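Worksheet for the structure shown next.
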There are 2 protein chains.
Amino acid sequence: MPATDAPGEPIDVVALGSALVDVLAHAEEEAVAGAGLTKGTMALVDLDRAAALYATMGPGTEVSGGSAANTVAGVTALGGTAGFIGTVADDELGEVFVHDLTAVGVTLATRARPLAQGGEDAATGRCLVFVTPDGERTMATHLGVASTLGPGDVDEALLARAQVVYVEGYLWDLGPAKAAIRRATEIAHGHEALVALSLSDPFCVERHRREFLSLLHGEVDVLFANEEEVRLLFGAADLGGAVEACAETGLLCAVTRGAAGSVVVAPDGVTEVAAEAVEAVVDTTGAGDLYAAGFLYGLTHGERPERAARLGGLCAAEVISHLGARPQADLRALARAAGLAVTGLR
Amino acid sequence: MPATDAPGEPIDVVALGSALVDVLAHAEEEAVAGAGLTKGTMALVDLDRAAALYATMGPGTEVSGGSAANTVAGVTALGGTAGFIGTVADDELGEVFVHDLTAVGVTLATRARPLAQGGEDAATGRCLVFVTPDGERTMATHLGVASTLGPGDVDEALLARAQVVYVEGYLWDLGPAKAAIRRATEIAHGHEALVALSLSDPFCVERHRREFLSLLHGEVDVLFANEEEVRLLFGAADLGGAVEACAETGLLCAVTRGAAGSVVVAPDGVTEVAAEAVEAVVDTTGAGDLYAAGFLYGLTHGERPERAARLGGLCAAEVISHLGARPQADLRALARAAGLAVTGLR
């Protein structure tokens, strides 16, 4: 059951992100291409396009999602404490989103906005996820009211308790969210909390490369990215070049490589960590989010980055073994079984 | 992909039922008992109680459900044609319900009712499903707008094309629905279609025993029930007594017995059919619904009841191997692999 969140106590991770409900459906490769989507990436779509895409989808399964929200759900599933800042509408999917995070013990600063009458930001955001037979996911997100996240949503009291403030790169697509992130970063650094950034998606890196690079000089302390994202960020020809560029930043960087595991670049050296074995990859949605969950849980419980990365790999392996991006198994038990039980500082 | 529904062509099965979206969550036995629910049964709850129960639930997965709706989704998954008559609200869960049936090729007479402002029947119905570690499900249904199903919803043109009109016993809990069923039965018998009734739930049988018994004299042609329901219906001490009572009705009765398979009682004799082997029972939600799907598909494609029952068992086995009451695997391929490919009359 949920970890208790005693008021005023420190919280392991507080995340800012888009509050989304995922609509997952199996799809053939041709259907993804035919819908004009690029396999393995996330595209932002407006209301009309979302409706048109939904009409082409098979029967769906609705599960709460949102990249940063998945991460904090993973942190509490490991026994950690977490908070979330995002925006939902006063509608059924908003209720589902709030319920699902609350049920796993995440503290929500999220308050449902009154339901506007129609229009682009009237409803809770949703992410249409096409899962191809290889388990890869292709996403079309209609942000809805999640697009309105702004400085007014920043819960300063919650952020003041965070050991890590975690931000998803996707938020850079939203104007007002940037001011919210700036304020959250200030609060974090005001009490020596770490700021962690996930690069989210290769296209997202292409859209915001310059801004992401500038954040690495003083704004961000921990960087999460997959191989492609980190190569794009630094304009590196290969993984080796990207790792070298990571090392030059002096930050703690975790680079995920799917079945090839991950590479941790820390100020004191580079470590390769093998991936957990997975019997059958059902749906890769949430792999990076849950890697970040395990990594940040380890980090906030006094583990060395290499063990934090192994914990991240373990959580990612669990989430890709089923449909949906939130953990379904007991992650604490899995960690114990894998010899990764975290005794922790707290 | 969906079977085509050519206008005017006969349709294998048209069902009347409650349009519900299931909210499924894993739960411990104690949580089910603690919530005041009786394991393995369905309880109707009002809006307040539904909200209170939802607050006790873990993170959920939303999947379209509704007993009769699950059955018609199974019929189209086997390659058959099907229609559905039920009521949803003009809200997000209503959209999900309509999408998921339409996506599998079911013809919907269902039109979304305008969203009322609050109150008991304002929203699309939902069924909170607590799945215990043994895979058994315990359900609390808030019918919402599904409770308003009435004679005005009966699509006569659709019913006139049905080979089988299928009705879930749950509808007897709703006053106006009974008039709808009477009208549907008249239409069915007006063109020599069969009327099939599912007894739905032991408590449902206790509530409406007398009415169900009276239906067996001329109203209903095919009866679906599990062992407990059929014993309660006929006041029989054991399965043997219940089967004898079934035989005396002269109807075609399919009695499901979980892992023990099913018993088909036909005018020309009684046949026991073994259950399909299931590797791991994840969630029994929809087992009876999908048994009915396979059985009715077989029946409408010229199969003998024994083979129809085997097809039913195959569909039930698929649906209990995953979370949710709608088929996820290719049922046609499963039927072929099991040597149950139906060549059919049509």
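Only the coordinates and a few stated rules stand behind these numbers; no lab work does. Predicted model, so just to flag it, every value in this text is computed and none were measured. Note that we place each Cβ from the backbone using ideal geometry, even for glycine, and neighbour counts take in every protein chain shown.
Assorted remarks:
- Centre-to-centre separation between the Cα atoms of region B:241-261 and those of region A:269-289: 50 Å.
- Here region A:3-139 is assigned +1 on the Cβ of each Lys and Arg and -1 on the Cβ of each Asp and Glu. Its dipole about the Cα centre then comes out at about 180 debye.
- Counting Lys and Arg as +1 and Asp and Glu as -1 over every other residue whose Cβ lies under 14 Å from the Cβ of A:Val205, the net charge comes to -4.
- Helical content of chain B, expressed as a calculated mean residue ellipticity at 222 nm, amounts to -11000 deg cm²/dmol (DSSP H runs of 4 or more residues, -39,500 (n - 2.57) each, divided by residue number, nearest 500).
- For the pair B:Thr102 and B:Leu47, label points projected 7 Å from Cα toward Cβ lie 2.7 nm apart.
- Cleavage-rule hits (GluC sites (Glu not before Pro)) in region A:173-258: DSSP loop, at most 13 neighbouring Cβ within 10 angstrom: A:Glu192
- Alpha carbon convex hull of chain B, volume per residue in cubic angstrom: 123
- Relative contact order for region A:289-346: 37 percent, from Cα pairs under 8 Å spaced at least 6 residues apart, divided by residue count.
- Rg over Rh for region A:225-271 works out to 0.92, using Cα positions for both radii and the Kirkwood form for Rh.
- Percentage of interatomic Cα-Cα distances in region A:140-299 larger than 22 Å: 43
- Under the combined filter of DSSP loop state and at most 15 neighbouring Cβ atoms within 10 Å, region A:161-192 retains none of its chymotrypsin sites (Phe, Trp or Tyr not before Pro).
- Charging the Cβ of each Asp and Glu at -1 and of each Lys and Arg at +1, and nothing else, the dipole of region B:134-277 about its Cα centre rounds to 380 debye.
- The Rg/Rh ratio for region A:16-69, using Cα coordinates for both the radius of gyration and the Kirkwood hydrodynamic radius, is 0.96.
- Converting the Cα gyration tensor eigenvalues of the protein assembly as shown into ellipsoid dimensions via √(5λ) gives semi-axes, longest first, of 49, 24, 23 Å.
- Note on A:51-62: average number of Cβ atoms from other chains within 10 Å of each residue's Cβ is 5.
- Ratio of the Cα radius of gyration of region A:87-171 to 2.2 N^0.38 Å, where N counts its residues: 1.23
- Lacking any other cysteine beta-carbon closer than 4.7 Å, the following Cys residues of the protein assembly as shown have no compatible partner: A:Cys127, A:Cys204, A:Cys315, B:Cys127, B:Cys204, B:Cys315.
- Across the identical copies, the label point of B:Thr38 (7 Å from Cα in the Cβ direction) is separated from its matches by 5.8 nm, in order from shortest.
- Pairwise centroid distance, computed over Cα atoms, of region B:46-89 with region A:77-99, Å: 23
- Between copies, the label points of B:Ala179, set 7 Å from Cα on the Cα→Cβ line, lie 5.7 nm apart, reported in increasing order to one decimal in nanometres.
- Relative contact order of chain B, pairs being alpha-carbon contacts under 8 Å that are 6 or more residues apart, as %: 18
- Label-point spacing at B:Thr102 relative to the other copies reads 3.1 nm, in ascending order, each point sitting 7 Å out from Cα along Cα→Cβ.
- Taking 11 Å as the cut-off, the amide N atoms of region B:205-230 that come nearer than this to a point 7 Å along the Cα-to-beta-carbon line of B:His189 belong to B:215-221.
- Measuring spread by the Cα atoms of region B:200-247 yields a radius of gyration and Dmax of 9.9, 26 Å.
- Ellipsoid equivalent to region B:1-141 - semi-axes via the Cα gyration tensor, in Å: 29, 18, 11
- Summary value for region B:169-299: 16 percent relative contact order, contacts being C-alpha pairs under 8 angstrom separated by 6+ residues.
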